Amino acid sequence: MLNMLFISRNKQRECQQAMSYQNNRTTENALYEDLHRPHLQDAIASCLHFLEDGSPCREIAPHYHDFVEIIYGIRGRFSASMADQDIEVSEGDMLLINVNEVHAFHHFEPCEYYCLQFDPTVFFFSSAYSTGAKYLLPFLMATTRSLGKNTSFSVLARKDELKDTNIPELIRDYHREFTEQAPGYELAIRADICRIFLWYLRRMEKNGISVYSSPGIRQEDITRLNAVLDYIHENYQQPVLAEKMAKMCNMSYSYFSRFFRHAVGQTFSDYLLYVRLTEAEKLLITTSKSISQIALDTGFSTSSYFITQFKKRRHITPKQLKQKISTSEQN
């Protein structure tokens, strides 16, 4: 269940936190932007940012987050600082920012752009869409640093390159569907994201930039991680220990933990919890099973722990969700 949020055009919070971004491009000095906010949950977001003439806000401080971010310029221009370089983005350009990539913005007024953010685990790592993981994992495991001299080309697509493609329309459709939230908008947004990523991946391969052969990324590691994801989705009902997964990958526990967090954008325990809650939510909606039985069927040790975690992540209790579904069916 995806809950959406339309974020205000004004970036007042970021403006207040703005600082010199030229010398702060490591996570030690960057702000962590928590996009797993209560009202956003494990969702996606779209917003329209703009800087009016005379606005005092010109910089957004160095920050990073667990979401992939796609920026599309509408008018004006701004500079994005990433991996020890500045990339200027103008009207019609598209910039893709990876998970946990430290970045900062400097606006040249007037400036307006779409900012699309989404959690890749929601779209590519669920049991229903696990086939997408093998294509996305190499990209998430790469960074602008690991792509070296081809960094700016790999993440930035210029207006001239996009003019004969459907990418601009996909961006606008993404934002329109997110804003209007007509029935089935989640499916439309998922399709837009997949098409945009497909274009990026094929473009990179066509121009000799392979994330599969980037430094620090081994096909063997990707294969191992896919095996772990498959194991989780097939065995989430049972105890699934990180130590066992580490042995399956022939890694130490500490190395596996760092590796998983870097690749997926979540800790192993958080991802396992996400899978269990997602499966539990399906059962709450589609079956008449009791809450205690659903907790047992989805791998939770106790029903009380299940209820606590469900409320914390979904901001509604399992009982309230069942009542909500029942009321909806009666009406």
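The values are calculated or read from the model by the stated rules, or taken from the named source; none is laboratory data. It should be emphasised that the depicted structure is a prediction, and the values quoted were computed from it without experimental measurement. Every residue, glycine among them, receives a Cβ derived from its backbone with ideal geometry; neighbour counts consider all protein chains shown.
Just for helices (runs of 4 or more DSSP H) wholly inside region 128-218: which have at least 3 residues that are over 17 Å from Cys115 (Cα atoms) and modelled with pLDDT under 85?
Helices (runs of 4 or more DSSP H) meeting the threshold: 133-141, 151-155, 185-206.
For region 248-304, which positions are in contact (Cβ under 8 Å) with a residue 12 or more places away in the chain and among the small types (Gly, Ala, Ser)?
Result: Ser257, Ala263, Gly265, Ser269, Ala280, Ala295, Gly299, Ser303.
Return only the number of the condition from (1) of a type in the set (S, T, N, Q); (2) closer than 24 Å to Asn98 by Cα; (3) part of a loop (DSSP other than H, G, I, E, B); (4) modelled with pLDDT of 85 or more that Gln237 does not satisfy.
Tallying (1) of a type in the set (S, T, N, Q); (2) closer than 24 Å to Asn98 by Cα; (3) part of a loop (DSSP other than H, G, I, E, B); (4) modelled with pLDDT of 85 or more, Gln237 fails exactly one: (2).
Yes or no, residue by residue, for (1) of a type outside the set (A, V, I, L, M, F, W, C); (2) closer than 24 Å to Asp66 by Cβ; (3) surrounded by fewer than 13 Cβ atoms within 10 Å (Cβ to Cβ):
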site	(1), (2), (3)
Val264	no, yes, no
Leu272	no, yes, no
Glu281	yes, yes, no
Asp297	yes, no, no
Lys311	yes, yes, no
Lys319	yes, no, no
Lys322	yes, no, no
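Report whether or not Ser254 is over 25 Å from His65 (Cα atoms), over 21 Å from the mean Cα position of the chain (by Cα) and part of a helix (DSSP H, G or I).
Judged against the criteria, Ser254 is not a match.
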